[in-house]
Amino acid sequence: MTEERAARPDAGNGARPPANHPEGVRVAYLDCFAGITGASVMGALVDLGVPPDWLQGELGRLPLAGFELRAEEISLPGLRAARLRTVTSPTGPARRAADLRAVIAAGPFGRRVTTRSLAIFDRLAAGMARARRGHPEDLVFRWAEAIHLLVKIVGAALGLEYLAVGEVAASRIPLGGGMIQRGEEWLPAPAPATVEILQGVPVYGGGFDGELVTPTGAAVVSALAEGFGAAPTMDLTGAGYGAGESDRAGLPDLLRVLVGTRPGERMEQLAMVATGIDDMNPELFGYLMEQLFAD
């Protein structure tokens, strides 16, 4: 069951990211209890307060055309989640991986957004190329596929920046199993590209037959997470639930993102006052010291 998601008060034009948090570092923990996809990342960020209209406007600054973001609220037993769909025009020219990378590198965003976006894209392209026994520069994406990738990759980086997230951590990743269909092809789950992208990441079976992790989701978590395991110590400030694009039965296509503040190192300023005393009766020093160090 889906319903249109109500617009947030700050979702109009001119919405801006919150200020940085000088008291500590903002941490996002990707709780991949049911896997991770590019769509579920976007949905969780929207559920945490990133306005879809703001994302649409920021992504519109890239040389992209013919796409629209549509936010929905998904009702599930015991909780609600946000889903952010990307609707694209049906036709357009195919794009090479180098072209997409150049679009990201030339994007009109801050250094951290660009760095994170490139890290995700490079991880994705390298994994896909290894799965095909080729090179990233040989990859060619259909028009709609290219738009979806750029929206999810750059959108994830923009959403984290909106929330002023300085560090990303994640749980171990459940892989799923069985077979999945890609057009006319049948592939083992997770797909070969996903397996390549997750190299070096702690994974486990998950006990579910189906696709729990997509290549884009794998690229986001493997490129950005600085550690995997239990949630880091932080002062929890929010939780967002994002729904992917699958309506699979048995295990919901969901991601939970916890956001909090990890206390930073406290700085204490000290001042030293010095003076010289001449010709003072030594019997007075004791009383003077008591007075100087009194509260």
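The values are calculated or read from the model by the stated rules, or taken from the named source; none is laboratory data. For clarity, every value in this text was computed on a predicted model and none was experimentally measured. Quick reminder, even Gly has a Cβ in these numbers, built from the backbone with ideal geometry, and neighbours come from all protein chains shown. Side chains included, ligands, DNA and RNA excluded: accessible areas come from the protein's heavy atoms. Shrake-Rupley method; radii C 1.70, N 1.55, O 1.52, S 1.80 Å.
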(Q) Report the Cα-based extents of segment 154-206 along its three principal axes, largest first, to the nearest Å. (A) 41, 25, 17
Q: Binning at 10 Å from 0, report for segment 77-196 what percent of all alpha-carbon pair distances ends up in each bin.
A: 11, 34, 40, 14, 1
Q: Multiply the residue separation of MET289 and ARG112 by 0.36 nm, subtract the distance between their alpha-carbon atoms, and state the gained length in nm to one decimal.
A: 58.4 nm
Q) Using only Cα atoms, what Kirkwood radius does the chain have, in angstroms? A) 21.0
Q: Work out the length of the dipole vector of the chain about its Cα centre, built from +1 on the beta-carbon of each Lys and Arg and -1 on the beta-carbon of each Asp and Glu, and round it to the nearest 20 debye.
A: 1480
Q) Amide H to amide H, which residues 5 or more places from VAL203 or on other chains are under 5 Å from it, using H placed in the peptide plane? A) ILE173
Q) In the chain, carbon and sulfur make up what percent of the accessible area (probe 1.4 Å)? A) 53
Q | Cβ-based net charge around ALA225, under 13 Å, with every Lys or Arg adding one and every Asp or Glu removing one | A | 0
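Find out how many positive minus negative residues lie around ALA129, taking Lys and Arg as positive, Asp and Glu as negative, among other residues whose Cβ is under 9 Å from that of ALA129.
0
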Q | Net +/- balance of residues flanking ALA189 in space, Cβ distance below 12 Å, scoring K and R +1, D and E -1 | A | 0
Q) Taking θ as phi - 60°, what are the ³J(HN,Hα) couplings along segment 203-212 by the Karplus curve (6.51, -1.76, 1.60), each to the nearest whole Hz, with x for Gly and Pro? A) 10, 8, x, x, x, 9, 8, x, 8, 9
Q | Per residue, in Å², the accessible surface of segment 160-236 once ligands and nucleic acids are set aside, probe 1.4 Å | A | 44
Q) Which FRET efficiency value, to the nearest 0.05, do you get for ARG172 and LEU236 by plugging their Cβ-Cβ distance into 1/(1 + (r/R0)^6) with R0 = 25 Å? A) 0.80
**Q.** Selection from LEU150, PRO174, PRO190, by position along the positive dipole direction of segment 143-193 (Cβ)
**A.** PRO174
(Q) Looking only at segment 131-244, where both bridge partners belong to it, what percent of the DSSP beta bridges are antiparallel (to the nearest 5)? (A) 60
Q: Mind running the shape call on segment 123-165? Use the C-alpha gyration tensor, a ≥ b ≥ c as the square roots of the eigenvalues: rounded below 1.5 for a/c, prolate if a/b tops b/c, oblate otherwise.
A: oblate
